[in-house]
Amino acid sequence: MAFYALIMAGGFGTRLWPLSRHDRPKQSLKLAGKRTMFEHAVDRIVPLFQPEHILVVTGAEHVEDLKAQAPELPDENFIVEPVGRGTAPAIGLGAIHLRREDPDAVMAVLTADHFITKVERFRELLLASEQVAQAGHLVTLGIKPTSPSTGYGYIKQGEQLDTVNGFPVFRAERFTEKPGAETAFQMLESGEYSWNSGMFVWRVEQVMAEFQRQMADFYVQLAQVEATLGTPGYEPTLKRIWPQVAKQTIDYGIMEGAEDVAVMPADIGWSDVGSWASLVDLLPVDEDGNVVSGPHAGIDTRDTLIFGSERLVATIGLEGMIIVDTEDALLVCPMDREQEVRDLVAKLAEQGKGVYL
């Protein structure tokens, strides 16, 4: 069984507005260092996968940008969705391309916009998870929780099934989406839960069987597209069918009802970089607890994130704030309300201010 990677590179990261935009999505941002998030995603798996074994699923509006960032990947390995329909359809589309290439393949479903500091440990986890997938399990890569976060999904670990290359393998009993603060604290204290990283490893045929069993209507649509692979009818068929596909996540569509799911928790220095506050844990802080990117002059400014461009950002008497300055928009908000950036983006859309999105 050959091992392949499918990198999901859709969306634009609404909670990182105003830096993240439709034409400059989260995966194309240089948030940590001189490489984009997508470039980091490719860099950390290249030692495990030949370029021919790395596929990318993305939208038409992003494909040329991503190709330029990863010229080592073959053009035909970029799978283009006419419209985004959620993670389940995106993975299904990638799976039929891979099944045509190698029906016996094991596929790792990875993300283009997460940050991982312990890269070598991550590679070891992927190699171990491939063995677990070959044994017939749908594997979800879990993260050992470090705090009672309410921003992540949780997976309850059942009986231990095995230990592979030092990584414990548990039966996944239940998925819980973003719990409240008290529930998250109880989950952390119990030691029985992992964070859901949104990364998975499985045999292509096994996940396709789950699509057929649990998302039967979508499987029929997928089969119509699959029948045209490698023919001139592929793109017209995809463009006709894909807008009719129901939106669905892989967690709700497949994982919660799947018959044989295993979770492998690990400490890989993971963050989904889902919000501005998450950057505080990734970037260097100064003696006042500030994270600063770009020109800044401050007096009595503490525990504040300043993410600027070329313009000087000057602050006086601030604490626990987020300031993001771009060429046409400025965001200022308290750190403890940064989850509301998504609501602000929705409000801009409602007000017809899409030029800023």
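Test Glu76 against the stated conditions and say whether it is surrounded by fewer than 18 Cβ atoms within 10 Å (Cβ to Cβ) and either within 27 Å of Ile268 (Cα to Cα) or in contact with a Pro (Cβ under 7 Å, 6 or more places away or on another chain) (or both). It is false that Glu76 is surrounded by fewer than 18 Cβ atoms within 10 Å (Cβ to Cβ) and either within 27 Å of Ile268 (Cα to Cα) or in contact with a Pro (Cβ under 7 Å, 6 or more places away or on another chain) (or both). Scanning segment 308-335 for residues that are modelled with pLDDT under 90 and touching a Gly at 6+ places or on another chain (Cβ under 7 Å) gives Gly308, Ser309. For segment 1-38, filtered to residues that are in contact (Cβ under 8 Å) with a residue 24 or more places away in the chain, closer than 20 Å to Asp325 by Cα and hydroxyl-bearing (Ser, Thr, Tyr), the residue that is surrounded by the fewest Cβ atoms within 10 Å (Cβ to Cβ) is Thr14. Inspect segment 39-46 for any residue being assigned to a helix (DSSP H, G or I), surrounded by 13 or more Cβ atoms within 10 Å (Cβ to Cβ) and basic (Lys, Arg) and give the result as yes or no. Within segment 39-46, none of the residues are assigned to a helix (DSSP H, G or I), surrounded by 13 or more Cβ atoms within 10 Å (Cβ to Cβ) and basic (Lys, Arg).
Every condition in (1) at pLDDT 95 or above; (2) surrounded by fewer than 16 Cβ atoms within 10 Å (Cβ to Cβ); (3) within 18 Å of the chain's Cα centre (by Cα); (4) charged (D, E, K, R) holds for Glu120 except the one numbered (3). For segment 35-43, state whether one or more residues are in the same structural domain as Glu205 (by TED's automatic domain parsing), over 18 Å from the mean Cα position of the chain (by Cα) and aromatic (Phe, Trp, Tyr). Looking through segment 35-43, none of the residues is in the same structural domain as Glu205 (by TED's automatic domain parsing), over 18 Å from the mean Cα position of the chain (by Cα) and aromatic (Phe, Trp, Tyr). Across segment 133-151, the qualifying residues are those that are out of contact with any Pro (no Cβ under 9 Å at 6 or more places or on another chain) and assigned to a strand (DSSP E or B), and the one among them that is farthest from Ala181 (Cα to Cα) is Leu138. Among the residues making up segment 138-156, a single one is more than 16 Å from Gly198 (Cα to Cα) and out of contact with any helix residue (DSSP H, G or I) (no Cβ under 8 Å at 6 or more places or on another chain): Thr146. For segment 274-302, a residue qualifies if it is touching a helix residue (DSSP H, G or I) at 6+ places or on another chain (Cβ under 7 Å) and either free of Cβ contacts under 8 Å to residues at least 60 places away in the same chain or assigned to a loop (DSSP other than H, G, I, E, B) (or both), and the qualifying residues are Gly274, Ser275, Trp276, Val291.
In this structure, Leu229 qualifies as surrounded by 13 or more Cβ atoms within 10 Å (Cβ to Cβ) and either part of a loop (DSSP other than H, G, I, E, B) or outside the structural domain of Gly84 (by TED's automatic domain parsing) (or both). Checking Ile250 against (1) farther than 23 Å from Tyr193 by Cα; (2) out of contact with any Leu (no Cβ under 9 Å at 6 or more places or on another chain); (3) of a type in the set (Val, Ile, Thr), which test does it fail? Checking Ile250 against (1) farther than 23 Å from Tyr193 by Cα; (2) out of contact with any Leu (no Cβ under 9 Å at 6 or more places or on another chain); (3) of a type in the set (Val, Ile, Thr), the one that fails is (1). Can you say whether Phe185 is over 21 Å from the mean Cα position of the chain (by Cα) and part of a strand (DSSP E or B), as far as the supplied structure shows? Against the criterion (over 21 Å from the mean Cα position of the chain (by Cα) and part of a strand (DSSP E or B)), Phe185 does not qualify.
The values are calculated or read from the model by the stated rules, or taken from the named source; none is laboratory data. Because the structure is predicted, anything quoted here is derived from the model rather than measured. Quick reminder, even Gly has a Cβ in these numbers, built from the backbone with ideal geometry, and neighbours come from all protein chains shown.
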